Amino acid sequence: MSSDEGMQRVFSGIQPDGELHLGNYLGAVRHWVGLQESYRCFFCIVDLHAMTLPWDPAALSETTLKTGALLLACGVDPARSILFVQSEVGEHPELAWVLSCVARMGELRRMVQFKEKSKGETESVGVGLFTYPVLQAADVLLYRAHAVPVGEDQRQHIELMRDLAVRFNSTFGDTFTVPQPLISPAGARIMSLDEPTQKMSKSSPRPGSKILLVDSPDTILKKVRSAVTDSGREVAAGDDKPALTNLLTIFSVVDGTDVPAVERRFAGSGYGAFKTALAEALIERLAPIRNRYGDLLADPAETRRLLSAGAARAAEVAGPTMDEVRARTGLVPRRSSGAAGVP
Ligand code: AMP
Ligand code: TRP
């Protein structure tokens with residue numbers, strides 16, 4: 001028995017559908033790194049989810065590996081956590097199928113992310129976009145995770161996976177842990193630098209909208225300097241100042257203080273001085289990540305090896321859960337499993 005057997009489990013996932021940006025780091029990955037101290041963590045690069053909108057095969061395989069390297073560079077520690085690629089563990093789509101027979105059309109139709117991503121074209125988008133949250137439920141339930149650290153945008157998907165876990169348990173017998181969302185308010189929603197009413201997003205085609213974790217110090221300085229600001233002169237947050245509120249939020253999270261403290265510090269300074277200080281703070285925070293990422297990219301085979309080793313460890317947990325699901329739902333045992341049936 002390993003020493004972390006009694007620890008609570010955390011599961012989270014990230015799509016390899018573009019380059020990781022500051023919003024991903026401040027809203028998600030930074031928390032993952034901290035959670036490793038006290039939880040048994042499973043962190044998954046969800047490549048199957050990245051197929052729910054049209055994708056380019058060469059880009060998908062490249063970003064999957066790059067996302068792995070970036071997560072390692074951010075401090076996800078493969079000695080403590082299980083970091084892996086979703087499609088390497090066949091139990092994810094297998095459980096997703098079973099859960100899709102438990103989920104209801106009506107509850108999936110209510111998912112806001114589906115409505116947003118299908119942009120009203122609900123007849124012509126892929127079926128996978130519709131069943132996306134069912135695969136996400138399978139991701140978490142396979143590991144019987146207690147907590148799921150995500151940004152605010154994922155709350156509805158966690159609610160759905162809880163409903164599916166409860167329904168499955170009451171129909172087929174107690175199998176799944178009902179997971180809780182873990183949503184940290186600070187940095188939960190970092191906005192675009194050029195359009196501060198929109199979320200900073202991997203899918204935005206405008207380079208000036210986001211700071212990438214791999215941006216050079218020069219690029220960071222340029223992007224911060226050209227970030228839009230609000231009318232007025234004061235470095236102050238407010239409902240009518242979305243741009244300044246966003247920049248102040250970023251500064252406060254990076255600096256580990258709160259927004260009023262940052263406002264006091266820059267009271268009387270112009271936007272220029274504030275932006276230079278913000279760029280410097282970001283450059284300092286991101287430099288170690290960028291350096292480690294550079295080292296990892298120099299030897300991609302090592303990142304591949306770490307991810308495959310992670311997948312083997314993940315399968316050791318996912319396999320027995322799936323054996324139990326098969327037994328409880330009346331499916332025959334898997335060819336290779338030594339499963340004895342319902343415990
Ligand atoms: P995504 O980029 O949508 O695959 O999201 C990966 C993780 O980063 C999720 O936990 C999101 O909630 C979080 N995230 C994405 N964009 C932002 C943002 N602009 N601000 C804060 N968190 C974000
Ligand atoms: N849907 C999540 C997002 O867009 C990514 C994801 C897939 C995920 N599976 C997950 C997050 C399981 C948490 C747990 O951010």
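The values are calculated or read from the model by the stated rules, or taken from the named source; none is laboratory data. Remember, it's a predicted structure, so these values are computed and weren't measured experimentally. Quick reminder, even Gly has a Cβ in these numbers, built from the backbone with ideal geometry, and neighbours come from all protein chains shown. Protein only, heavy atoms only, side chains kept; ligands, DNA and RNA dropped before computing areas. Shrake-Rupley method; radii C 1.70, N 1.55, O 1.52, S 1.80 Å.
What order do CYS41, CYS101 take when sorted by accessible area (1.4 Å probe), most exposed first?
The ordering from most to least exposed comes out as CYS101, CYS41.
Between their Cα atoms, which of LYS117/LYS275; LYS66/LYS241; LYS117/LYS222; LYS117/LYS241; LYS199/LYS223; LYS66/LYS119 are more than 24 Å away from each other?
Pairs exceeding the cut-off: LYS117/LYS275; LYS66/LYS241; LYS117/LYS222; LYS117/LYS241; LYS66/LYS119.
At 1.4 Å probe size, with no ligands or nucleic acids counted, give the accessible surface of TYR271 in Å², nearest ten.
My reading of the accessible area for TYR271 is about 40 Å².
Rg to Rh ratio, the stretch 1-143, alpha-carbon atoms and Kirkwood radius?
That ratio is 0.98, to two decimals.
Defining a contact as two alpha carbons under 8 Å apart and six or more residues distant in sequence, what relative contact order in percent does the chain show?
With pairs under 8 Å counted, the relative contact order is 21 percent.
Based on the alpha carbon coordinates of the chain, what radius of gyration and maximum Cα-Cα distance (Dmax) apply, in Å?
Reported Rg and Dmax, both Å: 21.3, 72.
When the accessible area of the stretch 94-218 is split by element with a 1.4 Å probe, what percent falls to carbon and sulfur?
Carbon and sulfur together cover 54 percent of it.
Would you work out which of TYR293, VAL127, PRO16 lies farthest towards the positive end of the dipole of the chain? Charges go on Cβ: Lys and Arg +1, Asp and Glu -1.
Checking the options against the dipole of the chain, the answer is VAL127.
Determine the per residue accessible area of the chain with all protein chains present and a 1.4 angstrom probe, expressed in square angstrom.
Dividing the accessible area of the chain by its residue count gives 46 Å².
Note the direction-averaged projected area, equal to a quarter of the hull surface, for the Cα convex hull of the stretch 207-296, in nm².
Across all orientations, the stretch 207-296 yields a mean hull projection of 5.8 nm².
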